[in-house]
1. For region 48-61, name all the residues that are open to solvent by 10 Å² or more (accessible area, probe 1.4 Å), part of a loop (DSSP other than H, G, I, E, B) and touching a Lys or Arg at 6+ places or on another chain (Cβ under 8 Å).
2. Does Ile309 satisfy the condition of being in a loop (DSSP other than H, G, I, E, B), closer than 13 Å to Asn74 by Cα and more than 11 Å from the ligand (Cβ to nearest atom)?
3. Which one is farthest from the chain's Cα centre (by Cα) among residues in region 159-185 that are farther than 18 Å from Ser308 by Cα and not in a loop (DSSP other than H, G, I, E, B)?
4. Looking at this structure, is Ile45 farther than 30 Å from Lys204 by Cβ, of a type in the set (Val, Ile, Thr), surrounded by fewer than 18 Cβ atoms within 10 Å (Cβ to Cβ) and without any contact (Cβ under 8 Å) to a residue 60 or more places away in the chain?
5. If Gln232 satisfies all but one of (1) within 17 Å of His184 (Cα to Cα); (2) within 16 Å of the ligand (Cβ to nearest atom); (3) of a type outside the set (D, E, K, R), what's the number of the condition it fails?
6. Since Asn246 meets every condition but one in (1) among the polar types (S, T, N, Q); (2) within 16 Å of the ligand (Cβ to nearest atom); (3) open to solvent by 70 Å² or more (accessible area, probe 1.4 Å), which condition does it not meet?
7. Filter region 72-97 for residues that are surrounded by fewer than 17 Cβ atoms within 10 Å (Cβ to Cβ), within 13 Å of the ligand (Cβ to nearest atom) and in a strand (DSSP E or B) and give the result.
8. In region 62-71, how many are of a type outside the set (Asp, Glu) and either more than 17 Å from the chain's Cα centre (by Cα) or open to solvent by 10 Å² or more (accessible area, probe 1.4 Å) (or both)?
Amino acid sequence: MISINKQVSEEIAVISLKSANLEVLVTNYGCHIISVLMPDINGKISDVVLGFDDIEWYMVQDKYIGATVGRVANRIKHGKFKIGDKEYSLAINNGPNHLHGGLVGFDKKIFDYELFENKVTFHYLSYDNEEGYPGNLDVFIDYELIDKTLMVTYRYASDQDTVVNLTNHSYFNLNLGNEDILNHQLRVDSDYINCIDSDGLTLKDELAVIDTPFGFKKLTTINQQITKKHIQLVNGNGFDHPFKLNSSEKQIQLYHEATARLLTIKTSCPYVHVYTANYLDGELRGKNNNYYNFRDGICLETEFIPDSINIEDKPSVLVKKGESYTAFTSYTFEVVK
Ligand code: BGC
(Lines give C-alpha, C1' and ligand atoms only; values in the text may rest on other atoms or scores of the structure.)
Protein backbone atom coordinates (compact mmCIF):
# COMPACT_ATOMS: atom_id res chain seq x y z
CA MET A 1 0.00 0.00 0.00
CA ILE A 2 1.19 3.45 -0.78
CA SER A 3 -0.08 6.81 0.47
CA ILE A 4 0.93 10.40 1.06
CA ASN A 5 1.80 10.51 4.76
CA LYS A 6 2.28 14.26 4.84
CA GLN A 7 2.16 17.07 2.29
CA VAL A 8 4.96 19.28 3.62
CA SER A 9 4.55 21.96 0.94
CA GLU A 10 3.15 22.15 -2.55
CA GLU A 11 6.32 20.52 -3.86
CA ILE A 12 7.48 18.27 -1.03
CA ALA A 13 5.73 15.19 0.32
CA VAL A 14 6.40 12.35 2.71
CA ILE A 15 5.29 9.06 1.20
CA SER A 16 4.46 5.88 3.09
CA LEU A 17 5.07 2.43 1.64
CA LYS A 18 3.43 -0.21 3.78
CA SER A 19 3.29 -4.00 3.80
CA ALA A 20 2.15 -6.44 6.49
CA ASN A 21 5.65 -6.44 7.98
CA LEU A 22 7.23 -3.10 7.24
CA GLU A 23 6.52 0.58 6.82
CA VAL A 24 8.99 2.80 5.00
CA LEU A 25 8.68 6.59 4.87
CA VAL A 26 10.47 8.41 2.07
CA THR A 27 10.40 11.92 0.66
CA ASN A 28 10.94 13.48 -2.75
CA TYR A 29 13.24 16.01 -1.05
CA GLY A 30 16.64 14.44 -1.82
CA CYS A 31 14.88 11.04 -2.03
CA HIS A 32 15.64 10.52 1.65
CA ILE A 33 14.60 7.41 3.51
CA ILE A 34 13.08 8.93 6.63
CA SER A 35 11.94 5.86 8.58
CA VAL A 36 11.96 2.10 8.42
CA LEU A 37 9.51 0.73 10.96
CA MET A 38 9.87 -2.96 11.74
CA PRO A 39 9.06 -5.34 14.62
CA ASP A 40 11.60 -6.79 17.04
CA ILE A 41 11.55 -10.28 18.53
CA ASN A 42 8.67 -9.29 20.85
CA GLY A 43 6.64 -7.71 18.08
CA LYS A 44 7.46 -4.19 19.23
CA ILE A 45 7.65 -1.88 16.24
CA SER A 46 10.35 0.75 16.04
CA ASP A 47 12.48 2.70 13.63
CA VAL A 48 15.83 1.31 12.43
CA VAL A 49 17.24 4.28 10.51
CA LEU A 50 18.43 7.63 11.77
CA GLY A 51 16.41 10.61 10.59
CA PHE A 52 14.55 13.76 11.51
CA ASP A 53 10.99 14.69 12.46
CA ASP A 54 10.88 17.73 10.19
CA ILE A 55 11.93 17.99 6.55
CA GLU A 56 13.67 21.30 7.37
CA TRP A 57 16.39 19.31 9.13
CA TYR A 58 17.15 17.44 5.91
CA MET A 59 17.71 20.81 4.25
CA VAL A 60 20.40 21.93 6.69
CA GLN A 61 22.13 18.73 7.82
CA ASP A 62 25.54 17.94 6.33
CA LYS A 63 25.79 14.28 7.34
CA TYR A 64 23.66 12.93 4.47
CA ILE A 65 21.40 11.07 6.91
CA GLY A 66 18.97 8.96 4.82
CA ALA A 67 19.94 10.78 1.61
CA THR A 68 20.27 9.75 -1.96
CA VAL A 69 23.79 10.79 -2.79
CA GLY A 70 24.73 11.95 -6.30
CA ARG A 71 25.84 12.57 -8.95
CA VAL A 72 28.90 10.78 -7.58
CA ALA A 73 29.06 9.32 -4.10
CA ASN A 74 32.16 9.81 -1.94
CA ARG A 75 35.26 11.80 -2.85
CA ILE A 76 36.77 12.82 -6.17
CA LYS A 77 40.38 13.88 -5.75
CA HIS A 78 40.65 17.67 -5.96
CA GLY A 79 37.29 17.59 -7.77
CA LYS A 80 39.14 16.97 -11.02
CA PHE A 81 38.84 14.30 -13.66
CA LYS A 82 39.20 13.73 -17.37
CA ILE A 83 36.92 12.10 -19.89
CA GLY A 84 38.96 11.59 -23.02
CA ASP A 85 41.05 14.74 -23.36
CA LYS A 86 38.57 16.97 -21.64
CA GLU A 87 39.25 18.01 -18.05
CA TYR A 88 36.43 18.82 -15.63
CA SER A 89 36.53 20.71 -12.31
CA LEU A 90 33.85 20.05 -9.76
CA ALA A 91 32.70 22.01 -6.71
CA ILE A 92 35.06 21.47 -3.75
CA ASN A 93 33.24 20.86 -0.48
CA ASN A 94 35.41 18.54 1.64
CA GLY A 95 38.96 19.69 2.38
CA PRO A 96 40.65 19.78 -1.04
CA ASN A 97 38.17 17.29 -2.51
CA HIS A 98 34.68 16.93 -3.93
CA LEU A 99 32.30 14.88 -1.74
CA HIS A 100 28.88 13.34 -2.40
CA GLY A 101 27.93 15.45 -5.42
CA GLY A 102 29.20 18.82 -4.23
CA LEU A 103 27.75 21.91 -2.58
CA VAL A 104 24.18 21.18 -3.63
CA GLY A 105 24.08 17.46 -4.35
CA PHE A 106 21.08 15.27 -5.07
CA ASP A 107 20.37 15.17 -1.32
CA LYS A 108 19.24 18.80 -1.58
CA LYS A 109 17.19 18.52 -4.78
CA ILE A 110 13.43 18.25 -5.11
CA PHE A 111 12.47 15.28 -7.28
CA ASP A 112 9.16 14.84 -9.16
CA TYR A 113 7.32 11.72 -8.18
CA GLU A 114 4.68 9.30 -9.30
CA LEU A 115 2.93 6.76 -7.09
CA PHE A 116 2.18 3.20 -8.16
CA GLU A 117 0.68 0.34 -6.14
CA ASN A 118 3.73 -0.54 -4.02
CA LYS A 119 6.19 1.78 -5.63
CA VAL A 120 7.13 5.41 -5.92
CA THR A 121 9.22 6.62 -8.83
CA PHE A 122 11.27 9.75 -8.26
CA HIS A 123 12.64 11.72 -11.14
CA TYR A 124 15.18 14.54 -11.44
CA LEU A 125 16.79 16.20 -14.42
CA SER A 126 20.26 17.31 -13.40
CA TYR A 127 21.35 20.08 -15.74
CA ASP A 128 24.57 20.26 -17.73
CA ASN A 129 27.42 21.64 -15.59
CA GLU A 130 25.53 21.18 -12.29
CA GLU A 131 28.29 21.21 -9.64
CA GLY A 132 30.70 21.04 -12.61
CA TYR A 133 29.49 17.69 -14.04
CA PRO A 134 29.04 17.42 -17.79
CA GLY A 135 25.75 16.52 -19.46
CA ASN A 136 22.07 16.80 -18.76
CA LEU A 137 21.46 13.71 -16.67
CA ASP A 138 18.01 12.21 -16.40
CA VAL A 139 17.62 10.17 -13.21
CA PHE A 140 14.80 7.89 -12.09
CA ILE A 141 14.82 6.24 -8.67
CA ASP A 142 12.23 3.62 -7.71
CA TYR A 143 11.49 2.68 -4.11
CA GLU A 144 9.37 -0.44 -4.13
CA LEU A 145 8.20 -2.36 -1.08
CA ILE A 146 7.62 -6.08 -1.50
CA ASP A 147 6.78 -7.76 1.81
CA LYS A 148 9.93 -7.29 3.96
CA THR A 149 12.08 -5.94 1.15
CA LEU A 150 12.66 -2.41 0.00
CA MET A 151 13.97 -2.49 -3.54
CA VAL A 152 15.77 0.62 -4.74
CA THR A 153 16.42 0.91 -8.47
CA TYR A 154 18.44 3.68 -10.10
CA ARG A 155 18.01 4.38 -13.84
CA TYR A 156 19.87 7.12 -15.63
CA ALA A 157 20.99 8.46 -18.99
CA SER A 158 22.93 11.53 -20.12
CA ASP A 159 23.18 13.57 -23.33
CA GLN A 160 27.00 13.80 -22.93
CA ASP A 161 29.63 11.42 -21.61
CA THR A 162 29.69 11.87 -17.84
CA VAL A 163 30.17 10.09 -14.50
CA VAL A 164 27.50 8.73 -12.13
CA ASN A 165 27.69 6.79 -8.86
CA LEU A 166 24.42 6.87 -6.94
CA THR A 167 23.84 5.42 -3.49
CA ASN A 168 21.66 5.68 -0.44
CA HIS A 169 23.24 7.07 2.70
CA SER A 170 20.95 5.71 5.42
CA TYR A 171 22.51 5.20 8.82
CA PHE A 172 21.14 1.92 10.18
CA ASN A 173 20.78 1.12 13.86
CA LEU A 174 18.70 -1.96 14.62
CA ASN A 175 18.22 -0.82 18.22
CA LEU A 176 17.90 2.90 17.55
CA GLY A 177 17.60 5.17 20.55
CA ASN A 178 18.96 2.54 22.93
CA GLU A 179 22.58 2.02 21.94
CA ASP A 180 25.19 2.71 19.26
CA ILE A 181 26.11 0.15 16.60
CA LEU A 182 29.23 -1.30 18.24
CA ASN A 183 27.33 -4.31 19.47
CA HIS A 184 25.80 -5.03 16.04
CA GLN A 185 27.21 -7.88 13.97
CA LEU A 186 28.24 -7.30 10.38
CA ARG A 187 28.87 -9.67 7.52
CA VAL A 188 30.34 -8.51 4.22
CA ASP A 189 31.19 -11.04 1.57
CA SER A 190 34.44 -9.39 0.64
CA ASP A 191 38.11 -10.34 0.49
CA TYR A 192 39.52 -6.89 -0.32
CA ILE A 193 39.02 -3.32 0.69
CA ASN A 194 40.64 -0.29 -0.88
CA CYS A 195 42.86 1.82 1.33
CA ILE A 196 42.06 5.46 2.01
CA ASP A 197 44.35 8.40 2.80
CA SER A 198 43.96 10.64 5.84
CA ASP A 199 41.47 12.86 3.93
CA GLY A 200 39.28 9.81 3.36
CA LEU A 201 40.18 9.69 -0.30
CA THR A 202 40.06 6.22 -1.85
CA LEU A 203 43.41 4.99 -3.15
CA LYS A 204 44.25 2.41 -5.81
CA ASP A 205 45.85 0.10 -3.24
CA GLU A 206 43.86 -2.94 -2.25
CA LEU A 207 44.25 -4.62 1.12
CA ALA A 208 43.43 -8.30 1.65
CA VAL A 209 41.08 -8.39 4.65
CA ILE A 210 42.32 -11.68 6.03
CA ASP A 211 43.90 -11.20 9.48
CA THR A 212 43.00 -7.50 9.50
CA PRO A 213 40.16 -5.62 11.27
CA PHE A 214 38.40 -5.60 7.88
CA GLY A 215 37.57 -9.31 7.94
CA PHE A 216 33.77 -9.66 8.13
CA LYS A 217 33.24 -12.80 6.07
CA LYS A 218 31.06 -14.23 8.80
CA LEU A 219 28.88 -12.24 11.20
CA THR A 220 31.33 -10.43 13.47
CA THR A 221 30.68 -7.89 16.20
CA ILE A 222 31.77 -4.48 14.98
CA ASN A 223 33.37 -3.56 18.30
CA GLN A 224 35.66 -6.57 18.08
CA GLN A 225 37.18 -5.24 14.84
CA ILE A 226 36.98 -1.47 15.16
CA THR A 227 39.01 -1.46 18.37
CA LYS A 228 41.96 -3.18 16.71
CA LYS A 229 45.04 -1.20 15.78
CA HIS A 230 45.39 -0.50 12.08
CA ILE A 231 46.60 2.55 10.17
CA GLN A 232 43.54 2.32 7.91
CA LEU A 233 41.23 2.65 10.93
CA VAL A 234 43.25 5.71 11.96
CA ASN A 235 42.88 7.25 8.49
CA GLY A 236 39.14 6.67 8.52
CA ASN A 237 38.51 7.46 12.19
CA GLY A 238 36.84 4.04 12.07
CA PHE A 239 35.46 2.18 9.07
CA ASP A 240 35.10 4.45 6.05
CA HIS A 241 36.20 2.05 3.31
CA PRO A 242 35.01 0.43 0.10
CA PHE A 243 34.69 -3.35 0.38
CA LYS A 244 34.88 -5.22 -2.92
CA LEU A 245 31.93 -7.63 -3.08
CA ASN A 246 32.56 -11.25 -4.02
CA SER A 247 29.19 -12.48 -5.21
CA SER A 248 25.66 -11.34 -5.81
CA GLU A 249 24.06 -13.45 -3.08
CA LYS A 250 23.31 -12.12 0.45
CA GLN A 251 26.31 -9.86 0.15
CA ILE A 252 25.87 -7.79 3.29
CA GLN A 253 24.16 -8.52 6.58
CA LEU A 254 23.69 -6.52 9.76
CA TYR A 255 22.36 -8.33 12.81
CA HIS A 256 21.38 -7.24 16.29
CA GLU A 257 21.10 -10.20 18.63
CA ALA A 258 18.87 -8.86 21.44
CA THR A 259 16.15 -7.61 19.07
CA ALA A 260 16.78 -10.46 16.57
CA ARG A 261 16.61 -7.91 13.76
CA LEU A 262 18.46 -8.80 10.59
CA LEU A 263 19.06 -6.57 7.60
CA THR A 264 20.19 -8.29 4.41
CA ILE A 265 21.42 -6.22 1.49
CA LYS A 266 21.87 -7.43 -2.07
CA THR A 267 23.11 -5.22 -4.84
CA SER A 268 24.15 -5.10 -8.44
CA CYS A 269 26.96 -2.74 -7.41
CA PRO A 270 30.53 -4.05 -7.12
CA TYR A 271 31.33 -2.36 -3.78
CA VAL A 272 29.80 -1.47 -0.43
CA HIS A 273 31.30 1.52 1.35
CA VAL A 274 31.08 0.82 5.07
CA TYR A 275 30.97 3.96 7.20
CA THR A 276 30.56 3.80 10.98
CA ALA A 277 29.32 7.36 11.63
CA ASN A 278 32.80 8.54 12.48
CA TYR A 279 31.82 12.19 12.14
CA LEU A 280 28.50 12.26 13.98
CA ASP A 281 29.22 14.55 16.90
CA GLY A 282 26.02 14.93 18.93
CA GLU A 283 25.05 18.19 17.21
CA LEU A 284 22.08 16.96 15.21
CA ARG A 285 18.78 16.41 17.01
CA GLY A 286 17.05 13.48 15.36
CA LYS A 287 13.72 11.76 15.72
CA ASN A 288 12.23 11.54 19.22
CA ASN A 289 14.63 14.20 20.49
CA ASN A 290 17.61 11.87 20.21
CA TYR A 291 20.92 13.55 19.48
CA TYR A 292 23.08 11.62 17.06
CA ASN A 293 26.53 10.75 18.31
CA PHE A 294 29.72 9.05 17.18
CA ARG A 295 28.98 5.45 16.01
CA ASP A 296 25.22 5.79 16.43
CA GLY A 297 24.63 4.34 12.98
CA ILE A 298 26.27 2.41 10.18
CA CYS A 299 26.02 3.34 6.51
CA LEU A 300 26.22 0.51 4.01
CA GLU A 301 26.57 2.45 0.78
CA THR A 302 26.36 0.14 -2.21
CA GLU A 303 28.13 1.76 -5.12
CA PHE A 304 30.94 1.72 -7.64
CA ILE A 305 34.36 2.30 -6.18
CA PRO A 306 34.88 5.89 -4.93
CA ASP A 307 37.02 8.09 -7.19
CA SER A 308 36.62 5.44 -9.89
CA ILE A 309 37.19 8.01 -12.62
CA ASN A 310 40.71 8.70 -11.30
CA ILE A 311 41.80 5.29 -10.00
CA GLU A 312 40.28 2.67 -12.31
CA ASP A 313 41.80 1.88 -15.70
CA LYS A 314 38.30 1.35 -17.06
CA PRO A 315 36.19 3.60 -14.82
CA SER A 316 32.97 1.83 -13.88
CA VAL A 317 31.24 5.17 -13.25
CA LEU A 318 31.56 6.29 -16.84
CA VAL A 319 28.22 6.99 -18.52
CA LYS A 320 28.28 7.14 -22.30
CA LYS A 321 26.15 9.69 -24.09
CA GLY A 322 22.71 8.37 -24.99
CA GLU A 323 23.07 5.01 -23.18
CA SER A 324 20.80 3.92 -20.33
CA TYR A 325 22.12 2.48 -17.08
CA THR A 326 20.47 0.61 -14.21
CA ALA A 327 21.64 -0.35 -10.73
CA PHE A 328 19.69 -1.85 -7.87
CA THR A 329 20.00 -2.52 -4.16
CA SER A 330 17.50 -4.45 -2.04
CA TYR A 331 17.18 -4.16 1.71
CA THR A 332 15.38 -6.99 3.53
CA PHE A 333 14.39 -6.33 7.14
CA GLU A 334 13.39 -9.40 9.13
CA VAL A 335 13.25 -10.88 12.60
CA VAL A 336 15.21 -14.09 12.82
CA LYS A 337 14.05 -16.12 15.80
C1 BGC B 1 31.90 9.17 3.78
C2 BGC B 1 32.53 9.85 4.94
C3 BGC B 1 31.84 11.18 5.12
C4 BGC B 1 30.39 10.94 5.34
C5 BGC B 1 29.61 12.23 5.43
C6 BGC B 1 30.47 8.94 4.11
O7 BGC B 1 29.83 8.28 3.06
O8 BGC B 1 32.53 7.97 3.46
O9 BGC B 1 33.90 10.00 4.75
O10 BGC B 1 32.39 11.90 6.17
O11 BGC B 1 29.84 10.18 4.31
O12 BGC B 1 28.46 12.03 6.11
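1. Asp53 - this is the single residue of region 48-61 that is open to solvent by 10 Å² or more (accessible area, probe 1.4 Å), part of a loop (DSSP other than H, G, I, E, B) and touching a Lys or Arg at 6+ places or on another chain (Cβ under 8 Å).
2. When the stated conditions are applied, Ile309 does not pass them.
3. Checking each candidate, the answer is Gln185.
4. Against the criterion (farther than 30 Å from Lys204 by Cβ, of a type in the set (Val, Ile, Thr), surrounded by fewer than 18 Cβ atoms within 10 Å (Cβ to Cβ) and without any contact (Cβ under 8 Å) to a residue 60 or more places away in the chain), Ile45 qualifies.
5. (1)
6. (2)
7. Answer for region 72-97, where residues must be surrounded by fewer than 17 Cβ atoms within 10 Å (Cβ to Cβ), within 13 Å of the ligand (Cβ to nearest atom) and in a strand (DSSP E or B): there is none.
8. Number of matching residues: 2.
The values are calculated or read from the model by the stated rules, or taken from the named source; none is laboratory data. As the structure is a computational prediction, the values presented were derived from the model and not from experiment. Please note: Cβ atoms are built from the backbone with ideal geometry, for glycine as well, and neighbour counts cover all protein chains shown. Calculation scope for accessible area: heavy atoms of the full protein, side chains included, ligands and nucleic acids excluded. Shrake-Rupley method; radii C 1.70, N 1.55, O 1.52, S 1.80 Å.
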